[in-house]
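Asks: Quick one: this structure, given as structure tokens, is what I'll be asking you about.
The values are calculated or read from the model by the stated rules, or taken from the named source; none is laboratory data. These numbers come from a predicted model, not from an experiment. Neighbour counts are summed over all protein chains in view; Cβ atoms, including those assigned to glycine, are modelled from backbone coordinates with ideal geometry.
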Amino acid sequence: MIMPEAILENDDSVAELAYEDLGWVGNDYDDPEISRLRDYLEASNGIRELEIVSPSEIERAASLFHRDGFVAVRDALTPEQVDWLNMGCEREIRNILAIDKHRRGNRGSHRYCFGNASKTGELLHHPEWAMLVDLPTVTPIVTAIWGAPSYLCHGGAGDFCLPGTVEYQRLHSDMADRIMWGDHVFGSFHDHRGMLTYRDLPVPRIACNFLTVDFTRINGPIRQIPGTQYSREPFPTLQEEPEWMKLSTVCPAPAGSVLIRDDRAWHGGTPNLSQEVRPILNVQYWAPWYRENTRPCMPREIYDSLSDHGKQLCQFIVTDNELETGLRPDLGRTPRLMTPEYQDEKL
């Protein structure tokens, strides 16, 4: 459910502000409580003995993915690709913040989903994002995970958290069994017998999250809970969540890495108490045997620039029609369970 929110206000100062000065709106960097949390995270945050593999370690990457529900891979992007992506991120972030003076966000205060803010629901109409669809450093690993190259791309966008994001986002996963909401269908899998859920399946969906900045202990690294992709346990509320889970973050990890995730695995956002914007871009894939509803989000001219395999991946999201691009006036708003007043509601 999406909850009504206050009308956003334009921010005419965004164009003049330095990129690193776009956050900390309404929050004080030097607040004693925030400073204590920053010091604690500097000392304690991060998955212990986090293994980050190289693109050539294909079998090891696939093994870690199947074990943990995610795997981090360094050097997925070249320095030049990272620079190009960061320019695209800054452009889109400034456009979003120009209509959100108080940094209300669409995933909680100072926290944003690029896709929710976009009228297409994705950002694959931009060449920076389309570049990520079929990378030689990533495609072999995704192919190994599924055992075939015939998977499909169904979108690509990502998220960012500004400096001054002081709250945790509650744990969640990015898919569920098929449900109806009015005339809208969400998800795909449904067992009419009530015996199986999407968590009993082999990997149905993968998200590849690309780091364009170093993930540090204090700049809002994603937290991933290993081995939860098959769990039928309810997600804990923030009050119930044990401390080790709050500290189970993918850091430190260098810019240019990719985090390949099973969409079912528990994950959530963490505070960005630094002085830098933390973006993370994504491309999303379906297993060769899995489908959900799609909507066109890639213009033909972008599609034509892809590799042959990239075209195969994007065959169901390309369109010859003109896309209505730009931002939703409300930035897509915030799902109920990511708003402060519902953080302790049971799922």
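Asks: Name the single residue, out of those in region 305-347 being over 16 Å from ALA130 (Cα atoms) and of a type in the set (Gly, Ala, Ser), that is modelled with the highest pLDDT.
Replies: Checking each candidate, the answer is GLY326.
Asks: Here's something else I'd like to know. Here is a list: SER274, SER231. Which entry is part of a loop (DSSP other than H, G, I, E, B), free of Cβ contacts under 8 Å to residues at least 40 places away in the same chain and polar (S, T, N, Q)?
Replies: None of the others qualify; the one that does is SER231.
Asks: Find all pairs meeting these conditions: Cβ atoms under 7 angstrom apart; at least six residues apart or on different chains; first residue within region 279-297 and surrounded by fewer than 15 Cβ atoms within 10 Å (Cβ to Cβ); second residue among the hydroxyl-bearing types (Ser, Thr, Tyr).
Replies: That search, which allows pairs on different chains as well, returns PRO288/SER150; PRO288/TYR151; ARG291/SER188.
Asks: Within the group ALA130, ALA144, ALA157, which residue is within 14 Å of the chain's Cα centre (by Cα) and among the aliphatic types (A, V, I, L, M)?
Replies: Going through ALA130, ALA144, ALA157 in turn, the sole match is ALA157.
Asks: Checking the condition in contact with an Asp or Glu (Cβ under 8 Å, 6 or more places away or on another chain) and in contact (Cβ under 8 Å) with a residue 24 or more places away in the chain, which residue from LEU327, LEU306, LEU323 passes?
Replies: Sole residue among the options that is in contact with an Asp or Glu (Cβ under 8 Å, 6 or more places away or on another chain) and in contact (Cβ under 8 Å) with a residue 24 or more places away in the chain: LEU306.
Asks: Still on this structure, please answer the following. If only one of GLU128, GLU49, GLU80 is touching a residue at least 12 places away in the same chain (Cβ under 8 Å) and among the charged types (D, E, K, R), which one is it?
Replies: Residue meeting the stated conditions: GLU128.
Asks: Name the residue, out of ARG232, ARG178, ARG217, that is farther than 30 Å from LEU41 by Cα and either in contact with a helix residue (DSSP H, G or I) (Cβ under 9 Å, 6 or more places away or on another chain) or surrounded by 15 or more Cβ atoms within 10 Å (Cβ to Cβ) (or both).
Replies: ARG178
Asks: Taking region 181-200, which residues are of a type in the set (A, V, I, L, M), surrounded by 11 or more Cβ atoms within 10 Å (Cβ to Cβ) and free of Cβ contacts under 8 Å to residues at least 40 places away in the same chain?
Replies: LEU196
Asks: Applying the selection to region 306-345, what residues are of a type in the set (Asp, Glu), more than 30 Å from ILE7 (Cα to Cα) and part of a loop (DSSP other than H, G, I, E, B)?
Replies: Of everything in region 306-345, just one residue is of a type in the set (Asp, Glu), more than 30 Å from ILE7 (Cα to Cα) and part of a loop (DSSP other than H, G, I, E, B), namely ASP320.
Asks: Any chance you could count how many residues in region 14-46 are over 30 Å from THR139 (Cα atoms), in contact (Cβ under 8 Å) with a residue 60 or more places away in the chain and not in a helix (DSSP H, G or I)?
Replies: Qualifying residue count for the region: 10.
Asks: Residues in region 287-305: is at least one assigned to a loop (DSSP other than H, G, I, E, B), under 19 Å from the mean Cα position of the chain (by Cα) and closer than 17 Å to PRO127 by Cβ?
Replies: Checked against the condition, which is being assigned to a loop (DSSP other than H, G, I, E, B), under 19 Å from the mean Cα position of the chain (by Cα) and closer than 17 Å to PRO127 by Cβ, region 287-305 yields at least one hit.
Asks: Kindly indicate whether any position in region 109-120 is under 30 Å from GLU16 (Cα atoms), in contact with a helix residue (DSSP H, G or I) (Cβ under 6 Å, 6 or more places away or on another chain), outside any strand (DSSP E or B) and at pLDDT 95 or above.
Replies: yes
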